[in-house]
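The values are calculated or read from the model by the stated rules, or taken from the named source; none is laboratory data. The shown structure was predicted, so the numbers you read here are calculated from the model rather than taken from an experiment. Positions of Cβ are generated from backbone atoms using ideal geometry, with glycine treated the same way; all protein chains shown enter the neighbour counts. These accessible areas exclude ligands, DNA and RNA; they are computed on the full protein's heavy atoms, side chains included. Shrake-Rupley method; radii C 1.70, N 1.55, O 1.52, S 1.80 Å.
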Number of protein chains: 2
Amino acid sequence: MTDSPEGLPPSLEAAINFDERGLVAAIAQQQGSGEILMMAWMNRESLSETLKTGQVCYWSRSRGKLWRKGETSGQTQHLKSLSVDCDGDTLLLTVEQNGVACHTGRRSCFFRQWNGQKLEDVLPVVQDPETLYGR
Amino acid sequence: MTDSPEGLPPSLEAAINFDERGLVAAIAQQQGSGEILMMAWMNRESLSETLKTGQVCYWSRSRGKLWRKGETSGQTQHLKSLSVDCDGDTLLLTVEQNGVACHTGRRSCFFRQWNGQKLEDVLPVVQDPETLYGR
């Protein structure tokens, strides 16, 4: 756990408790508005790349590879600040979200709100997913 | 996955993808200010209790039991709204935090911020942890 082949700064390596999969949870919050955009996962390589480029890169668990946010859709996230929680198992990324964070075309992935009876969509689709991913 | 012995409402049961441990990530955000207070985990039972009581209850992975936030420290979280993300693996809880969320006596667990060189504490200790947990 002490070596960091991907070049993570030693003080971050020491502070972050990567899980048994080598991952840490990362919450993305829009700077200024404070809206929570999404939650995803990072490994050492994606975090290291994010720090170097300033463009947020996650680890896609489903695809098993680096996920450069916005690479396909253009909806990039620029890193503004990075915080680590008290037990080191979650990161908070303050970002400038270009366009929308959610693949459904909504600003945030947290668009389904419980009203006591059922979940209702509380955020509008502001970008047609077809224009984000369509050909 | 369809039965819910703990009485989770069926539409929530259908929307939430509990992981192989039966857990879902839960982000707590202070209503109004938008500050991110903490990230923890819920199982069906803790979520069901949270919805019934309005007081946030997590699942403690380290202790392997329900974690009624503030039960020991008095720093309770009152649920204001609950949202589910697009792939159902993270919840966003909007809460009214009584006092501080972090066991270190800070408002938020995300008090260590990366300055490009090292992590620095950016939030003050506003409650002496001794008064929260001491005898």
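Some points to look at:
- Looking down the axis that turns chain B into chain A, the chain B residue with its beta carbon nearest that axis, and the gap rounded to whole angstrom, comes out as B:Gly34, 1.
- At least 40 Å² accessible surface lost relative to isolated chain, residues of the range B:79-128 (1.4 Å probe): B:Leu82, B:Ser83, B:Val84, B:Asp85, B:Cys86, B:Leu92, B:Cys109, B:Phe110, B:Arg112, B:Gln113, B:Trp114, B:Leu119
- Choice from B:Gly116, B:Gly105, B:Gly74 showing the highest fluctuation, given a GNM over chain B with Cα pairs closer than 10 Å: B:Gly116
- Label point 7 Å beyond Cα along the C-beta direction, distances from B:Asn98 to other copies (nm, shortest first): 4.6
- Atom-type composition of the exposed protein surface of the range A:1-127 places 47 percent of the accessible area on carbon and sulfur (1.4 angstrom probe).
- When you restrict to C-alpha pairs under 8 Å that are six or more residues apart and normalise by the size of the range B:60-135, the relative contact order lands at 22 percent.
- Cα centroid separation, the range A:101-135 to the range B:90-135 (Å): 31 Å
- Cβ-based net charge around B:Ala15, under 14 Å, with every Lys or Arg adding one and every Asp or Glu removing one: -3
- Set A:Lys118/B:Lys65; A:Lys80/B:Lys52; A:Lys80/B:Lys80 screened for pairs whose C-alpha atoms are more than 32 Å apart: A:Lys80/B:Lys52
- Nearest-first distances (nm) between copies at A:Ser62, label 7 Å from Cα via Cβ: 3.3
- If the chain linking A:Thr104 and A:Ser60 were pulled fully straight, counting 0.36 nm for each residue of separation and taking away their Cα-Cα distance, it would gain 14.1 nm.
- Accessible surface ranking that places the most exposed of A:Lys69, A:Lys52 first, with a 1.4 angstrom probe: A:Lys52, A:Lys69
- When chain A is treated as a Gaussian network with alpha carbon springs shorter than 10 Å, the biggest mean-square fluctuation among A:Cys102, A:Cys57, A:Cys86 belongs to A:Cys86.
- Antiparallel bridges, percent of DSSP beta bridges restricted to the protein assembly as shown (to nearest 5): 80 percent
- Chains B and A together, accessible area buried on both sides, 1.4 angstrom probe, square angstrom: 2900 Å²
- Summarising the amide proton neighbourhood of B:Gly70: residues at separation of 5 or more, or on other chains, whose placed amide H is nearer than 5 Å comprise B:Gln75.
- Ellipsoid semi-axes for the protein assembly as shown, based on the Cα gyration tensor and the rule √(5λ), read 27, 25, 17 Å when sorted largest first.
- Square roots of 5 times each gyration tensor eigenvalue, C-alpha, chain B, largest first, Å: 27, 17, 14
- Accessible area in square angstrom per residue, the range B:7-115, 1.4 angstrom probe: 37 Å²
- Residue of B:Asn115, B:Asn98, B:Asn43 that the Gaussian network model of chain B assigns the largest fluctuation, springs spanning Cα pairs under 10 Å: B:Asn115
- Under the simplified labelling scheme, the B:Gln117-A:Asp87 pair shows an inter-label distance of 3.2 nm, with each label point 7 Å from Cα along Cα→Cβ.
- B:Thr76 exposes around 40 Å² of accessible area when a 1.4 Å probe is run over every protein chain in place.
- The C-alpha atoms of chain A define a longest principal axis, and helix A:44-53 lies at about 80 degrees to it.
- Summary for B:Gln117: label point 7 Å along Cα→Cβ; distances to the equivalent points in the other copies, ascending, 5.8 nm.
- B:Thr131, A:Thr104, reordered so the largest accessible area comes first (probe 1.4 Å): B:Thr131, A:Thr104
- The Stokes-Einstein estimate for the range B:19-91, based on a Kirkwood radius over Cα pairs and taken at 4 °C with 1.567 mPa s viscosity, is a diffusion coefficient of 103 µm²/s.
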